[in-house]
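The values are calculated or read from the model by the stated rules, or taken from the named source; none is laboratory data. All values derive from a computational prediction rather than experimental measurement. Using ideal geometry, Cβ is built from the backbone for each residue, glycine included, and neighbour counts are taken over all protein chains shown. For accessibility, only protein heavy atoms count, side chains too; no ligands or nucleic acids. Shrake-Rupley method; radii C 1.70, N 1.55, O 1.52, S 1.80 Å.
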Amino acid sequence: MNTRVLTGITTTGTPHLGNYVGAIRPAIEASRRDDVDAFFFLADYHALIKSDDAARIERSRLEIAATWLAAGLDPQRVTFYRQSDIPEIPELTWFLTCIASKGMLNRAHAYKAAVDKNAAAGEDADAGITAGLYMYPVLMAADILAFDANQVPVGRDQIQHIEMARDLGQRFNHLHGDEFFVLPEALIEEQVATLPGLDGRKMSKSYDNTIPLFAGGSKQLRETIMRIVTDSRLPGEPKDPDDCALFTIFRAFANEAETAVFRQALLDGIGWGEAKQVLYERIETDVAPMRERYEALMADPAAIETILRQGAQKARAIATPKVAALRGVLGLRAMTTTPAGAGQTKAAPKQDRMPRFASFRDADGSFRFRLFSADGEELLLSKPFADPKAAGALQKRLKGLGTAAVLQVLPRALVLELDGAPVATTPEYPVEPARDEALARLREALDLLALAAQE
Ligand code: TRP
C-alpha cells in the first residue's frame, strides 16, 4: 500500500527561496515517488487565524498555488486542493473539538507563547488571543485525520501539532471502539537545507530577511542577492566558505562539482560582489524556467481555479464518505436508519488491550513497579520506594497523566519526570530509532491509561 503523505501551506505570504529549498522542492520530489500518495493543500482557513487582511490572503492563495504548480507539482498525480473547498474539514473539526481536552490545547506552544507574551507585558493572560488561535491544532488535526494521512512533512515547530492530531485520532478510535482514523506521524527532513537569509539568520518572513523566489522577476532576485550581508574582506583576501551565507545558499542549488568550484573561488579570494553575481546566475538558471511558468499561471487564475476545484473533488471523494460514516458513529444519522445502539452495546474499550502495572519488591527491600504495554512489552521501571504506599501513589498519578507526561529523551532511553524529578525510566534501547518507536508506544500507553481513568 502507498504511503499517504499530506501537508498544508498557510496562505499568508509570498514564497521565498527558503520556502522553495526547504519545503516546496523536497515535497514535489517526494510526490514523484511511486510508493507515495501525496496530498498538498492551501491552508486558507488557517490563514484566517493569522490575518484578517482579505486582499493579502487572496493574493497569497493565488501566488502559492501558482508557485507550487510552476515548481513542477503535477495535479494529475497529487491531490492539490484548498482547505476551504472541503466542508468536511470544519465538520470534523467540530467532532474533534468535542473530544479535545482543553488542558491539551492550553499546552500548545503557539498559544502558550501568546499567553507568556501577555504576562510579560502585564496584560490579562488571554488579551488579544482569539479562540481561532486556541483551536488551531484541532483544525490541523482535522486536515490530517480526514484523509487518513500516514506521514506529515513539517518543520520542527509543528511536531507538537502532529502529536495532538495523533492524540485526537487515538482518543476518537478508543471512545468509539474502532480504528476510524489512521494515526499520523511527523516527517522531519533532517537533510533539507534551511537557508540563511540576508542577515545570516534563518531565512524567514518574520525576520524580514528573505530573498523572493519569483516576485519582482530576475531584477529583484539579483538586487536582493546583492544585499546579502558579508564581512569586510577585500577582493584577493581568502573567504571562509563554511562561515558564509552566500556559500550555503549556493550549495542548496548547485551540484557537487559546481560547489567545489565555488568553494575554491572563495578560498582564492573572489570579491564579494563577484561572488554574489555567481550566486545569482546559479539560482537564476534554476528559477528562470519556473518563473516563466509562474507568470503564465498568474495571468490565468481561471486555470488555477479549475485545477483546485478538480483537486477538491478528488479530496472530497475520500473525505465525504469518511465524515458521513463518523456522523453515524456519533449518533447524527438519518432517523429512518437503524439507531446506532440497537441490538449492540457500544464497544467498550477492551480491558485486555490495556497497559498494566506490575509491582514488585527489589532485592534490597524497596518497592518498585513496571509498566507493561498491552502486548507485554516493558515500557517503564519506577524508581525504588521505601514505602509501598508511595509507589502506589505514583502509579495512580501516572494513570492520569496522558499527554501531560513529561518525557526526557536521552540517546538510548527515556526518563519520565514528575514535578521536575525523574520517577521512572525505560529500558535501554540499542539505537535511537528504537528509542523513538518506544517513545510512541509509551505515549500511547499513557494516553490509554488516562482515557480509561476518565471513564
Ligand atoms: N500549521 C502548518 C504550518 O504553519 C500548516 C498546516 C495547516 C498544515 N494544516 C496542516 C501542515 C496539516 C501539515 C498538515 O506550517
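Condition (residue is within 12 Å of the ligand (Cβ to nearest atom) and of a type in the set (A, V, I, L, M)) applied to region 163-185: is it met by at least one residue?
Looking through region 163-185, at least one residue is within 12 Å of the ligand (Cβ to nearest atom) and of a type in the set (A, V, I, L, M).
For region 199-222, give me each residue that is without any contact (Cβ under 8 Å) to a residue 40 or more places away in the chain and not basic (K, R).
D199, S206, Y207, D208, N209, G216, Q220
Tell me which of these A131 doesn't satisfy, since it passes every other one: (1) exposed (fewer than 13 other Cβ atoms within 10 Å of the Cβ); (2) among the aliphatic types (A, V, I, L, M); (3) within 11 Å of the ligand (Cβ to nearest atom).
(3)
Starting from region 94-111, keep only residues that are touching a residue at least 24 places away in the same chain (Cβ under 8 Å), then list their pairs with residues that are charged (D, E, K, R) and open to solvent by less than 60 Å² (accessible area, probe 1.4 Å) whose Cβ atoms are within a distance under 9 Å, requiring at least 6 positions of separation or different chains.
Between residues of region 94-111 that are touching a residue at least 24 places away in the same chain (Cβ under 8 Å) and residues that are charged (D, E, K, R) and open to solvent by less than 60 Å² (accessible area, probe 1.4 Å), the close pairs are L96/R171; I99/R171; A100/D167; A100/R171; S101/D167; S101/R171; M104/D167.
Quick one: which residue in A100, A113 is in a loop (DSSP other than H, G, I, E, B) and assigned by TED's automatic domain parsing to the domain that holds T14?
It is A100.
Filtering region 421-434 down to residues that are in a loop (DSSP other than H, G, I, E, B) and open to solvent by 70 Å² or more (accessible area, probe 1.4 Å), which residue is nearest to E378 (Cα to Cα)?
Looking at residues that are in a loop (DSSP other than H, G, I, E, B) and open to solvent by 70 Å² or more (accessible area, probe 1.4 Å), I get E428.
Suppose we filter region 45-63 for residues that are under 27 Å from T3 (Cβ atoms) and either of a type in the set (S, T, N, Q) or open to solvent by less than 10 Å² (accessible area, probe 1.4 Å) (or both); how many remain?
Going through region 45-63 one residue at a time, the tally reaches 1.
Taking R227 as meeting all but one of (1) open to solvent by less than 70 Å² (accessible area, probe 1.4 Å); (2) under 30 Å from A299 (Cβ atoms); (3) out of contact with any strand residue (DSSP E or B) (no Cβ under 6 Å at 6 or more places or on another chain), write down the number of the exception.
Of the numbered conditions (1) open to solvent by less than 70 Å² (accessible area, probe 1.4 Å); (2) under 30 Å from A299 (Cβ atoms); (3) out of contact with any strand residue (DSSP E or B) (no Cβ under 6 Å at 6 or more places or on another chain), the odd one out for R227 is (1).
Checking the structure you have, find out if any residue of region 435-446 is assigned to a loop (DSSP other than H, G, I, E, B), over 16 Å from Q395 (Cβ atoms) and open to solvent by less than 30 Å² (accessible area, probe 1.4 Å).
No, region 435-446 contains no residue that is assigned to a loop (DSSP other than H, G, I, E, B), over 16 Å from Q395 (Cβ atoms) and open to solvent by less than 30 Å² (accessible area, probe 1.4 Å).
Where in region 350-401 are the strands (runs of 3 or more DSSP E), entirely inside, with at least 1 residues that are open to solvent by 50 Å² or more (accessible area, probe 1.4 Å) and within 18 Å of L418 (Cα to Cα)?
367-372
Within region 16-42, which residues are in contact with a Lys or Arg (Cβ under 6 Å, 6 or more places away or on another chain) and crowded, with 20+ Cβ neighbours inside 10 Å?
Matches in region 16-42: L42 only.
Suppose we filter L62, L73, L139 for residues that are within 22 Å of the chain's Cα centre (by Cα) and over 14 Å from G311 (Cβ atoms); which single one remains?
Testing whether each residue is within 22 Å of the chain's Cα centre (by Cα) and over 14 Å from G311 (Cβ atoms) leaves just L139.
Please indicate, with yes or no, whether at least one residue in region 183-205 is over 14 Å from Y20 (Cα atoms) and part of a helix (DSSP H, G or I).
Checked region 183-205: no residue is over 14 Å from Y20 (Cα atoms) and part of a helix (DSSP H, G or I).
Looking only at region 175-215, filter to residues that are out of contact with any helix residue (DSSP H, G or I) (no Cβ under 8 Å at 6 or more places or on another chain) and not acidic (D, E); which one of those is nearest to A38 (Cα to Cα)?
Result: L187.
Check I225, I159 and return the single one that is within 12 Å of the ligand (Cβ to nearest atom) and more than 20 Å from S51 (Cβ to Cβ).
Exactly one residue qualifies, and that residue is I159.
Sort out which residues of region 34-66 are touching a Phe, Trp or Tyr at 6+ places or on another chain (Cβ under 9 Å) and within 14 Å of T14 (Cα to Cα), and write them in order of number.
Residues satisfying the conditions are L42, E63, A65, A66.
Within the set of pairs 6+ apart or on separate chains, which have a first residue in region 354-368 that is among the charged types (D, E, K, R), a second that is not in a strand (DSSP E or B), and C-beta atoms under 7 Å apart?
So the pair list comes out as D362/P384; R368/D362; R368/P384; R368/A391.
Out of region 146-156, which residues are near the ligand (Cβ under 8 Å from one of its atoms) and more than 21 Å from A319 (Cβ to Cβ)?
Across region 146-156, the qualifying residue is only G155.
Considering only residues that are in contact (Cβ under 8 Å) with a residue 12 or more places away in the chain and open to solvent by 50 Å² or more (accessible area, probe 1.4 Å), look in region 64-93 and name the one that is nearest to I49 (Cα to Cα).
Ranking the candidates gives P90 first.
Within region 104-124, restricting attention to residues that are open to solvent by less than 30 Å² (accessible area, probe 1.4 Å) and of a type in the set (G, A, S), which residue is nearest to L332 (Cα to Cα)?
Filtering first and then ranking leaves A108.
What's the total number of residues in region 118-156 that are assigned to a loop (DSSP other than H, G, I, E, B) and not small (G, A, S)?
Total satisfying the criteria: 9.
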